[in-house]
Amino acid sequence: METDGSESVICLLTDAEETPLGSAMYIPRNAGPLQLTNLVNTFLNNEEKLPYSFYVSDEELLVSVGTYMESNGVSVENVLKIVYRQQAVFRIRPVNRCSQTISGHVGEILCVSFSPDGKQLASGSGDTTVRLWDLNTETPMFTCRGHKDHVLAVAWSPDAKCLVSGDKDGKVCCWDPSKGELQGNPLSGHKKWINGIAWEPAHISYPSRRFVTCSKDGDARIWDFTLKKTLIVLSGHTQAVTCVKWGGDGTIYTGSQDSTIRMWEITQKGQGVLKHILTDHAGWVNSLGLSTEYVLRTGAFDHTRQQPSSDEEMKQIALERYIKAKGKVDSPERLVSGSDDFTIILWEPSISLQPKQKMVTTARLTGHQQLVNHVYFSPNGQWIASASFDKSVKLWDGVTGKFITAFRGHVNSVYQISWSADSRMLLSCSKDSTLKVWDIRTKSLKHDLPGHAAEVYAVDWSPDGEKVASGGADKVLKLWKG
Amino acid sequence: MDVALTTKSSIGIKGKMIAKKNYKEKALMKKTLKMHEESLSRRKADEDVQEGAVPAYLLDRENTSRAKVLSNTIKQKRKERVGKWEVPLPKVRPVAEDEMFRVIRSGKRKTKQWKRMVTKATFVGPGFTRKPPKYERFIRPSGLRFTKAHVTHPELRCTFCLEIIGIKKNPNGPMYTSLGVMTRGTIIEVNVSELGLVTPAGKVVWGKYAQVTNNPENDGCINAVLLV
């Protein structure tokens, strides 16, 4: 066949794990992503047309196959390997305007969190209150008083029925979000401020009861929401524990300022046992991320917004979503950690002869020029985004850890990031008082959201993709819409 | 017992004096007892919450003071409406022309005195080229030319070495402004992109005004305070 004027190209379609879809076939030169999507849908016998994105040698295929081959000088004689990946079925509208600026807090807003079903919004602030906001009218709903010091962390349970907040004094308060009332007394136990809170995943226990908090005093404590007391104390870290995550298989990961990450397990008898210590970092571990984190946070709620009737059903749906998010291969979730030594490490469980699965470094992601403050896996587990004090947000491949692109635009340290539920957009908030929405497909800035008068400390994209909430040092909460 | 008897039985001015003295002692005793009681009872710690709350990830890090780097648009709008800018040095000692310039004699017999040399610090700009020496009336010596200024931020209390973009106004007259002479009280424009400031509209601020606070010709450097 001549190179010019030839009509078709030999291609092999494979999925993310390299299993080929059929054999190598002739595809017309002018076939673009749309035609390839139809092809994949027919091959897989999908009932509805699902959207796919295609990658050739880790670069996304945006033009027709022929133009790609010409521009990259790929020979027609070789079989072109095209990897297809399913994109989210739903599409989130990018946020571009501030729909409401709500004042109410008297102190700086330190943490903001949407409930997993996207219906409620809670924010914790330096004026010691936790406020619940009504999303329909965009006005304050409840002011929850009970803390005596700055509220540093706020976390919803995966069934959206319980809200827990931690403050600078080490106290933990449990709230009833429907009435805005404190349930019981503030729980004491930690001796210094609370850095993070994580709930037990919905597919392990439904309705949610247990959550773990980590504190500057070096301990992580597991509490029971209904009993209102500490169940287990996980001590071992020699310095402050900066972040804690409860994995889908029951393992608790804690990252600390002593530059180690510890993996804990709760035995049948109800004891907290240390499984492994991961010591590859050289500086404080600032942030941890799990590949299934988004699914664990949202539990049984997803874009279909259905309301399952019974607890059993919710648990089942949560379990299905978790298995789907893990990936087709029967591998446990991956862990990523960002640190003060300017690097990020992607951990994968090692397949060794040892009975206990230890996490082994897959890749060390270097490139940042300042400390990494926040790392976050995309909801589909495909990408890792990292926010750093060097004013950039970097995007890495979620499986191999390869660097994809850096998003530059902020003029000061980037504090936190949040993904949209369909993994197509990334939101970052920074010390320069702006929020920026980045498009993953075009790898560029989508929208710039200025408006805050001072540093933005916390940002969250609601799981149903409708709204974004942000709060910072200027004491107002801003809601953004598409 | 004796004291009680004398107190009761004494009359007149003496009685009044004793009574007054006893009353004073009683009051003092009551006060000290109350004080001791207070320290015994458990007080509910109603400590004031600290100002300047920061999120958990910034707590262990030393940061520059949390004072707002940006002034609000409201403040700016109010200033603009008034028409006057508040500057740190509102009044400056006027500089006379013979202090500012030195007469340079030129010509074959050194009788021509129309040339002047500036004796104060100047700023000329990056694309500056001298006029042909024959026609140059004002000489700005390169030794007195400065490109950078040490600018202090009044709220953050820290000093940055920033590039000068231009001279906005010299209080001694428009001629000195156009020459680029920097004396005490001159308003200059500096490049603040290093500070990472953003306007509420989202635009990056890269130039801000600052006022010179020292006499650069005496010190050899320009110290200025940023006008926020």
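Just so it is clear, none of the values below were taken in a lab; they were calculated from the coordinates. Note that the structure is predicted; figures quoted are calculated from it, not measured. FYI the Cβ positions are ideal-geometry reconstructions off the backbone, even for glycines, and counts take in every protein chain you see.
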Cα-based radius of gyration of the protein assembly as shown once divided by 2.2 N^0.38 Å, which approximates compact folds
1.28
Using 7 Å Cα-to-Cβ label points, what is the residue A:323/residue A:178 separation (nm, one decimal)?
3.2
How many nm is it between the label spots at residue A:231 and residue B:108, if each spot is 7 Å from the Cα in line with the beta carbon?
10.7
Loop-resident sites, region B:86-116, for trypsin sites (Lys or Arg not before Pro), counting at most 15 other Cβ within 10 Å (DSSP):
B:91, B:108, B:109, B:110
By per-residue mean of other Cβ atoms within 10 Å, what is the highest-first order of A:34-41, B:16-23?
A:34-41, B:16-23
Listed residues B:216, B:153, B:180: farthest to the positive end of the dipole of region B:118-228 (Cβ charges)
B:180
Averaged over A:413-420, how many beta carbons belonging to a partner chain fall within 10 Å of each residue's beta carbon?
1
Cut-off 9 Å between beta-carbons: net charge of the residues surrounding residue B:144, Lys and Arg +1, Asp and Glu -1:
+2
So what's the back-of-envelope 222 nm ellipticity for chain B, counting only DSSP H runs of four-plus at -39500 (n - 2.57) apiece and dividing by all residues, rounded to 500?
-8000 deg cm²/dmol
Local electrostatic count at residue A:307 - Lys and Arg +1, Asp and Glu -1, tallied over other residues with Cβ under 15 Å:
-3
Taking the Cα atoms only, what angle lies between the long axis of helix A:33-43 and the longest principal axis of chain A, rounded to 10 degrees?
90
Projected onto the charge dipole of region A:1-92 (unit charges on the beta-carbon of Lys, Arg, Asp and Glu, signs +1, +1, -1, -1), the Cα from A:46, A:26, A:90 with the largest positive-side position is that of A:90
Please report, ordered by residue number, every helix of chain B (full DSSP H runs) that is 24 Å or longer along its axis going by C-alpha atoms and whose mean Kyte-Doolittle hydropathy reaches -1.0.
B:12-40
So for region A:99-147, averaging the separation of alpha carbon pairs under 8 Å that are six or more residues apart and normalising by length, what relative contact order in percent results?
29
Chain A - percent relative contact order, Cα under 8 Å, separation 6 or more
12
Angle between the Cα long axis of helix A:311-326 and the longest principal axis of chain A, 0 to 90 degrees, nearest 10?
50
Chain B: Rg/Rh from Cα coordinates, Kirkwood Rh?
1.41
Dipole of region A:371-452 (Lys/Arg Cβ +1, Asp/Glu Cβ -1, origin at the Cα centre): which of A:406, A:383, A:417 lies farthest to the positive side?
A:406
Taking Rh as the Kirkwood radius computed over C-alpha pairs, what is the Stokes-Einstein D of region A:170-246 at 37 °C in a medium of viscosity 0.692 mPa s, expressed in µm² per second?
256
Compute the signed sum of charges (Lys and Arg +1, Asp and Glu -1) over the other residues within less than 15 Å, Cβ to Cβ, of residue A:173.
+2
